[in-house]
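Below: one structure, written as structure tokens.
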Amino acid sequence: MTRRLWGRASSGNVQKAIWALEELALPYEHIEAGGAHGIVGEARYRAMNPNGLVPTLEEDGFVLWESNAILRYLAHAHGGVLALPEEPRDRALIDQWLDWQATAFTPAMRDAFLQLVRVAPEKRNAAVIEASQAAGERCADMLDRHLASTPYVAGETFSIADIAVGCAAHRWLILPFEKAERPHIVAWRDRLAQRSAGSSVLSLPLT
């Protein structure tokens, strides 16, 4: 089977796909794309992913983009440690947290991340950073309270929801500004980092 993952490793969305592929021990070729690596504007790439974004997974001619769709596909197609539960309610909880990461947590912190990591200090907008920080703190507070009563975001078992939310939470925790202590997020992040596939992703710096 030919399997390729397109996208720069510094992308949080690409990191989700890398983590899942590594959890499943699936062989794949990783092609750096996006940002300084280019490629995403080329006609060949746009034919695969018309959004011109990363990641894109190519598997024996089957092409899929959107990071959480890739997580769901890998869980459905390859099972293993990422196998989805049979019980519809348990599966719905995984979907709930995947959607929350994509529609709430990551958008909340995006401006703070861009301003603090990718914008020169003299060009930063303090008001934008403050608003994003406040929105991110609300999400982090909700997640921390949730993790006080469960070892993983969707219940007792590690799942693709932990990969998606874990990548976002890692970025939040290491963003360079003062934030409230979140002991339950930290303990959960540390559990995720004990997984060999998770440790390589959760040790990456912000770029």
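The values are calculated or read from the model by the stated rules, or taken from the named source; none is laboratory data. Small disclaimer: the values here were computed from a predicted structure and weren't measured. Virtual Cβ from ideal backbone geometry, glycine too; neighbours counted across all protein chains shown.
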More than 21 Å from the chain's Cα centre (by Cα) and either buried (at least 17 other Cβ atoms within 10 Å of the Cβ) or part of a helix (DSSP H, G or I) (or both): does that describe residue 128?
yes
Could you please tell me which pairs satisfy a Cβ distance under 8 Å, a separation of 6+ or placement on different chains, a first residue in region 141-168 that is assigned by TED's automatic domain parsing to the domain that holds residue 182 and outside any helix (DSSP H, G or I), and a second residue that is modelled with pLDDT of 95 or more and of a type in the set (S, T, N, Q)?
152/159; 153/159; 154/96; 156/150
Flagged pairs (Cβ under 7 angstrom, 6 or more apart or on separate chains; first in region 102-123, free of Cβ contacts under 8 Å to residues at least 40 places away in the same chain; second polar (S, T, N, Q) and outside any helix (DSSP H, G or I)) are 115/125
In region 169-187, what residues are under 18 Å from the mean Cα position of the chain (by Cα) and outside any helix (DSSP H, G or I)?
175
Would you check if there is a residue in region 184-207 being under 19 Å from residue 68 (Cβ atoms), at pLDDT below 95 and in contact with a Cys (Cβ under 9 Å, 6 or more places away or on another chain)?
yes
Among 72, 8, which is touching a residue at least 12 places away in the same chain (Cβ under 8 Å), among the charged types (D, E, K, R) and closer than 22 Å to residue 109 by Cα?
8
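Could you please give the count of residues in region 79-97 that are in a helix (DSSP H, G or I) and in contact with a helix residue (DSSP H, G or I) (Cβ under 9 Å, 6 or more places away or on another chain)?
Taking region 79-97 first, the residues in a helix (DSSP H, G or I) are 80-82, 88-97.
From what is left, the residues that are in contact with a helix residue (DSSP H, G or I) (Cβ under 9 Å, 6 or more places away or on another chain) are 80-82, 93-97.
Number satisfying all stated conditions: 8.
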